[in-house]
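Q: Quick one: the structure is below, and I'll ask about it shortly.
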Amino acid sequence: IIGVLSTFLIYLWVNSELNTNKFHHNFDRLYTVVIQQSPVDNIKPISTDLLKIDLTQFAEVDESIEAIYFNPDMLKMKYKNKYYGAGGLVTDSTFFDLFDFKLIDGTPDILKNPSNIILTESLAQRIFGENDPMGEFIELNQRGVFQVAGILQDLPSNSSLSFDYIVPVHAQRFWGKSGLQFILTNDSFRKADFDEKIKELARKHPQFKESYLSTVAFSDL
């Protein structure tokens with residue numbers, strides 16, 4: 001019995017790992033941008049918004065969004081003088097064009113309004129219990145007050161993106177932190193050719209004079 005159960009649990013784990021992020025219909029078209037700041041540095045993710053680079057100028061790229069994650073200690077969430085620990089994603093209004101996380105309440109254009117916030121089911125339950133959270137106001141410390149305008153189904157366990165709420169990146173002019181840059185490519189995209197086109201674009205920034213830009217497939221994260 002232990003042997004059969006162990007085999008079954010291993011199968012479930014391996015199957016989950018092999019299917020990480022594959023529930024997104026754009027799975028094979030998504031890439032992140034990375035930078036090697038100098039020949040001796042490691043490759044790391046970077047936001048091209050930080051570099052003032054618009055990758056949608058290239059025909060191979062249909063859309064580009066920034067995604068900045070804040071852990072619970074970085075942005076304190078408050079409702080009726082009570083604080084809640086939650087991890088947040090700050091991103092562009094077109095987030096749902098790229099990723100297939102399911103909204104239970106609200107529409108995909110929620111993030112166009114800089115005053116809106118989307119909560120996951122679990123976080124909404126933790127804060128509001130059985131009460132309807134829609135239309136309620138939540139404060140993020142030093143970042144303003146946001147109105148609950150959407151409820152997101154809890155994220156699948158095989159998602160490499162993990163967060164409890166989403167707020168629009170244009171709610172603030174500067175968030176004090178860099179994030180990931182996701183690009184949605186089309187059929188004309190060839191990774192090697194595209195990487196060659198963008199490799200020296202960051203060198204216009206004074207901090208990245210010896211840098212190289214490239215891309216990593218979302219499937220390889």
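Q: Quick check on the stretch 39-58: of everything there that is touching a residue at least 24 places away in the same chain (Cβ under 8 Å) and part of a strand (DSSP E or B), which residue is surrounded by the fewest Cβ atoms within 10 Å (Cβ to Cβ)?
A: I43
Q: Just to be sure, is S178 part of a loop (DSSP other than H, G, I, E, B) and either more than 19 Å from Y31 (Cβ to Cβ) or aliphatic (A, V, I, L, M) (or both)? Outline the logic, then answer.
A: Working: part of a loop (DSSP other than H, G, I, E, B): yes; either more than 19 Å from Y31 (Cβ to Cβ) or aliphatic (A, V, I, L, M) (or both): no.
The answer is no for S178.
Q: In the stretch 163-199, which residue that is open to solvent by less than 60 Å² (accessible area, probe 1.4 Å) and of a type in the set (D, E) is nearest to F99 (Cα to Cα)?
A: It comes out as D164.
Q: Restricting to the stretch 82-115, and then to whatever is under 14 Å from F163 (Cα atoms) and hydroxyl-bearing (S, T, Y), can you tell me which residue is surrounded by the most Cβ atoms within 10 Å (Cβ to Cβ)?
A: Step by step, filter the stretch 82-115, then rank; the result is T91.
Q: Inspect all residues belonging to the stretch 63-78 and state whether any of them is in contact (Cβ under 8 Å) with a residue 40 or more places away in the chain, buried (at least 20 other Cβ atoms within 10 Å of the Cβ), touching a Phe, Trp or Tyr at 6+ places or on another chain (Cβ under 8 Å) and more than 21 Å from T120 (Cα to Cα).
A: Scanning the stretch 63-78 turns up at least one residue that is in contact (Cβ under 8 Å) with a residue 40 or more places away in the chain, buried (at least 20 other Cβ atoms within 10 Å of the Cβ), touching a Phe, Trp or Tyr at 6+ places or on another chain (Cβ under 8 Å) and more than 21 Å from T120 (Cα to Cα).
The values are calculated or read from the model by the stated rules, or taken from the named source; none is laboratory data. Predicted, not measured: the structure shown is a model, and the values here were computed from it. Positions of Cβ are backbone-derived with ideal geometry, glycine not excepted, and every protein chain shown enters the neighbour counts. We work out accessible area using only protein heavy atoms, side chains counted, and drop any ligands, DNA or RNA first. Shrake-Rupley method; radii C 1.70, N 1.55, O 1.52, S 1.80 Å.
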